[in-house]
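Rule-based calculations on the coordinates, nothing more; no lab input. Keep in mind that this is a model prediction, so the values were computed, not measured. Reconstructed Cβ throughout: ideal geometry from the backbone, glycine too, with neighbour counts over all protein chains shown.
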Amino acid sequence: MSFAIETVNLTHYYSKGTVQQVAAIDNVNLQIEKGELVGIIGHTGSGKSTLISHFNGLLKPDSGKVLVDGVDIWKDKETLKQSRFKVGLCFQYPEYQLFEETVYKDIAFGPKNMKLSEAEIKERVLRAAEFTGVKAEHLNKSPFDLSGGEKRRAAIAGVMSMEPEVLIFDEPAAGLDPRGRKDLTELIKNYRKQTGSTVIVVSHSMEDIAGMADRIIVMNNASVAMQGSVDEVFSKGGELREMGLNVPEITEIFAKLRARGIDVPANVYTVEQGEKILRSLIEGRSAK
Amino acid sequence: MIRDITIGQYYPGKSVLHRLDPRMKLILTFLLIVTIFLCKSFFSLGLIALTAVIAAAISSVPAKMMLKSLKPIVIILVFTAVLNIIYTEGGTVYFEKWGIAITEKGVNTAIFTMIRIVTLVIISSLLTYTTTPTMLTDAIERVLSPLKIFKIKVHTLAMMMTLALRFIPTLIEEIDRIMNAQKARGADLESGGIIQRAKALVPIFIPLMVSSFRRAYELAFAMTCRCYTGGEGRTRMKQMKLAFRDFSALVLCLAITAGVVVLNHFFEAVI
Ligand SMILES: Nc1ncnc2c1ncn2[C@@H]1O[C@H](COP(=O)(O)OP(=O)(O)O)[C@@H](O)[C@H]1O
Ligand SMILES: [Mg+2]
């Protein structure tokens, strides 16, 4: 079986041929399995956005290949066009792409471009709206009348409604409050569970990534520095810190507890996990 | 990519031209441009063209960049040259066929006009190459400040210009981002007829307008918070002072203008 997305020696330069030429991604080889939820972390400017913009052919590689479902997306024009629908890309601050008169029409923009039937479009719009929690009474409102959080949901619905095989989020929680972040994480996890599609999430927040990813890819200075399960990656706190990253705060707390001689596991990455362990620890003590 | 367009083509340097007072540079550029149009003979035009070339040489702006500023006008150059050759008649006839006559006067006029346009572009790009956009608008504000007596809000106009220049790169970046976002939703910006393409711009244009207005409000708010109340009583961090070199440059340019007038008088006029 082929990979959902595979890159072969992928390299991209910005400002090519000028003095400012920089390799934003340099010789990246990645495989993303079907149905996986992959988190991509890396410091600002490490090339995350550049990388994912190659997955649906928005950027053309300067050298190397991008294979979606085993097919080179730059093979011909039609393949490229199809890759836009196969791989949905939801940019950072997606609410700034809203433009239609009504929320409904905006969510329908993608499916319309796919030339689906009117009935199919409607079905998809309603499905995506329900999924992202866009209220039914908002569908006929202007997207510019919604609140910030509602706009974000509507914009995400606009990408989800294309029902892509691979859905990519670039910093989906940027600028949201803690509650919004949590809701969004749940939304992405649910989406994956219900549709079984491949999901890629780029994030700054180690907590968010730890809470949902099956696998983490760490970008550093235009290349892949590390990849592996949540355990594997976050057990290398030292290396991460050298790259300007960190482990989730809860993991640090547990590391400090261990340093004080309290017997807790080292592989704790989410607050929920941590809470359970601490509670049982306290109960254990009070029982004594 | 779209962001490779450069506007405000300042080339950092330390040459005399860079150090001249922007106000003086603005006035002298204007004076030299007027002088170009005073030229009537090849000798007077030669003088001003030579001035432009020497100025370009001492400006420390690389020749490659100077040539780059000439690139957009190549079509205009060719076009005017062809028109001049075909439509101006007089003097020796070099060639005559199909009702087209190429004459000595035609060729002379064509060459004359071409040199004139090239000189014009060199002189005006030297101004923008050696002066930052902010300095330039600052200079415009001060040079035009006498217009205040006609109740023209010179400061407001200059501030608008500065802000517009400042936001061009930001807007280009924004367009880039919105285009990518809509392309990711399958928007087709490249194919179709003219109407279809115009329609395809709606998803780009509306978000751009929305964010521009948002930016404008935010900026106005930020400026108000820093007590901006317009030009009244505003002082400047960078004071402009005319130096000896500014007066020397003025004298030199006036001499060139006088030279052009004199040469016009002594040599045969081309146009
Ligand atoms: N459009 C562009 N033009 C020139 N350089 C760019 C552009 N976009 C990004 N870069 C540069 O490429 C590098 C990678 O950027 P990006 O992929 O946006 O990183 P990230 O998403 O990880 O923050 C950075 O050094 C950035 O400055
Ligand atoms: Mg980014």
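Among the listed pairs A:48/A:276; A:48/A:151; A:151/B:183, which have their C-alpha atoms separated by more than 31 angstrom in this model?
Details: A:48/A:276 34 Å; A:48/A:151 24 Å; A:151/B:183 19 Å.
Table pairs above 31 Å Cα-Cα are A:48/A:276.
Once you reduce the range B:45-87 and the range A:113-131 to the center of their Cα atoms, the two points are 58 Å from each other. Using alpha carbons only, how many angstrom separate the centre of the range A:207-237 from the centre of the range B:165-222? For the range A:207-237 versus the range B:165-222, the Cα centre distance is 34 Å. Could you compute how fast chain A diffuses translationally, taking Rh as the Kirkwood radius over C-alpha pairs and applying Stokes-Einstein at 37 °C with viscosity 0.692 mPa s? Give it in µm² per second. It diffuses with D of about 161 µm²/s by this estimate. Secondary structure note: in chain A, about 50% of the DSSP beta bridges are antiparallel. By the Stokes-Einstein formula, at 0.692 mPa s and 37 °C, the protein assembly as shown with its Kirkwood radius over alpha-carbon pairs has D equal to 114 µm²/s.
Straight-distance candidates among the aspartates and glutamates for linking to residue B:97, with alpha-carbon spacing under 19 Å and chain neighbours fewer than 8 residues away dropped: B:89. Within the same chain, lysines fewer than 8 places from residue B:40 are excluded, and of the rest, those with a Cα less than 17 Å from its Cα are B:105. Using the Cβ-Cβ distance between residue A:135 and residue A:189 with R0 set to 25 Å, the FRET efficiency from 1/(1 + (r/R0)^6) comes to roughly 0.70.
Rounded to the nearest 10 degrees, the angle from helix B:133-144 to the longest Cα principal axis of chain B is 70 degrees.
Mind running the shape call on the range A:160-288? Use the C-alpha gyration tensor, a ≥ b ≥ c as the square roots of the eigenvalues: rounded below 1.5 for a/c, prolate if a/b tops b/c, oblate otherwise. Oblate, since a/c reaches 1.5 and b/c is not below a/b.
In terms of Cα to Cα distance under 26 Å, which lysines are near enough to residue B:148, apart from those fewer than 8 places away along the same chain? Candidates past the 8-residue exclusion: B:25, B:238, B:241.
Rounded to a whole number, what is D in µm²/s for the range B:149-225 from Stokes-Einstein with the Kirkwood radius over alpha-carbon pairs (20 °C, 1.002 mPa s)? Present the calculation step by step, with values, prior to reporting the outcome.
On the way: Rh = 14.8 Å.
This corresponds to a translational diffusion coefficient of 145 µm²/s.
Helix A:103-113 and the long axis of chain A differ in direction by around 70°, with both axes built from C-alpha atoms. With 10 Å bins beginning at zero, the pair-distance distribution over Cα atoms of the range A:66-198 amounts to 13, 43, 34, 10, 1 %. Give me the percent of DSSP beta bridges within the protein assembly as shown that run antiparallel, rounded to the nearest 5. Rounded to the nearest five, the antiparallel share is 55 percent. In this structure, the residue pairs whose Cα-Cα separation is over 25 Å, taken from A:16/A:236; A:60/A:193; A:34/A:81, are A:16/A:236; A:60/A:193. Each distinct pair of alpha carbons in the range A:248-288 adds a 1/r term; the inverse of their mean, the Kirkwood radius, is 10.3 Å. The Cα trace of chain B gives Rg and Dmax of 24.0, 73 Å, the first to one decimal, the second as a whole number.
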